[in-house]
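A short write-up of the structure that comes next.
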Amino acid sequence: MKNLFKAIALVAIFAAATTSANAQLYLSGNVSMNHTSGKNEIENPATKEITTTDEDPTNGFSLGAEIGYYFNDNMAFGADVTFSHSKSKDANDKKIWTANNSFNINPYFRYDFVSTEKISFGAKAEALLGFGKNKNNEHDLYKTSQLGVAIIPVLNYKFTPNWSAGVQFGALSYIHHVSKNAANEKNKSIDNIWDCNLKLSSLTFSVVYTF
């Protein structure tokens, strides 16, 4: 992992030394919201009677921002910042709830394999840094942290010289995830996760402004 941060530092130094007339700063942002609810139907084998119960409704949202800098026509470095929140309430008592908050900052290096006047297609090599907290209506439950790396395909389509749409889909990643009990941090779980994510839920859109 130390070698990864050394590589990022070397990229930044290289960028500063090779800045061209085509250097461009860009900003983007995205927002998403979701809601889930439903019902459970359970049949009693003896009486064949069906009991219907409501599922706990869950609401969530995510806010993302990105800043990057192209130091030549095909290469850029920058960072993604994301805040996510979700809250689930007991279907029978709205005063009982569980909430999760997470914050991620992911510095990256981007290389575009295709770069035309309208389309830029390439990949990001990201360092994944994040932390979060889970709590309910009574107290904190646990804290989380993660450290990892990811390769993410990216696509931009320019509508004007300054405005474009950004798309990300899928990722090849490794994440070291730690979850600690809020009452006693010595009680913790550690997961090392290798993932090739091609789920539709990984598809994100953003609006990009280039200076």
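The values are calculated or read from the model by the stated rules, or taken from the named source; none is laboratory data. A quick note: this is a predicted structure, and the numbers were derived from the prediction, not measured. For neighbour counting, all protein chains shown are included, and Cβ atoms are generated from backbone atoms with ideal geometry for every residue, glycine included. Please note that ligands, DNA and RNA were not included when accessible areas were found on the heavy atoms of the full protein model with its side chains. Shrake-Rupley method; radii C 1.70, N 1.55, O 1.52, S 1.80 Å.
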Return the pairs, sorted by first residue and then second, in which the second residue is at pLDDT 85 or above, the first residue lies in the stretch 24-49 and is among the hydrophobic types (A, V, I, L, M, F, W, C), the beta carbons are less than 6 Å apart, and the residues are 6+ apart or on different chains. Leu25/Tyr69; Leu25/Phe211; Leu27/Ile67; Leu27/Tyr209; Val31/Leu63; Met33/Phe61
Residues in the stretch 140-177 that are at negative phi and not in a strand (DSSP E or B): how many? 5
Restricting the search to the stretch 168-187, which residues are of a type in the set (A, V, I, L, M) and open to solvent by 40 Å² or more (accessible area, probe 1.4 Å)? Leu172, Ala183
Count of the stretch 104-132 residues which are without any contact (Cβ under 8 Å) to a residue 24 or more places away in the chain and either polar (S, T, N, Q) or closer than 30 Å to Tyr142 by Cα (or both): 1
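Mind counting the residues in the stretch 113-125 that are in contact with an Asp or Glu (Cβ under 7 Å, 6 or more places away or on another chain) and surrounded by 18 or more Cβ atoms within 10 Å (Cβ to Cβ)? Reasoning before the result, please.
First pass over the stretch 113-125, keeping only residues in contact with an Asp or Glu (Cβ under 7 Å, 6 or more places away or on another chain): 115, 120-122.
In the following step, the residues that additionally are surrounded by 18 or more Cβ atoms within 10 Å (Cβ to Cβ) were identified as 120, 122.
So the count comes out to 2.
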Taking Ser20, is it of a type in the set (Gly, Ala, Ser) and either open to solvent by 60 Å² or more (accessible area, probe 1.4 Å) or modelled with pLDDT of 85 or more (or both)? no
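From the list Ile190, Ile151, which residue is over 22 Å from Ala123 (Cβ atoms), open to solvent by 40 Å² or more (accessible area, probe 1.4 Å) and modelled with pLDDT of 90 or more? Can you show your working first?
Working: Ile151 fails: over 22 Å from Ala123 (Cβ atoms).
So the residue among Ile190, Ile151 that is over 22 Å from Ala123 (Cβ atoms), open to solvent by 40 Å² or more (accessible area, probe 1.4 Å) and modelled with pLDDT of 90 or more is Ile190.
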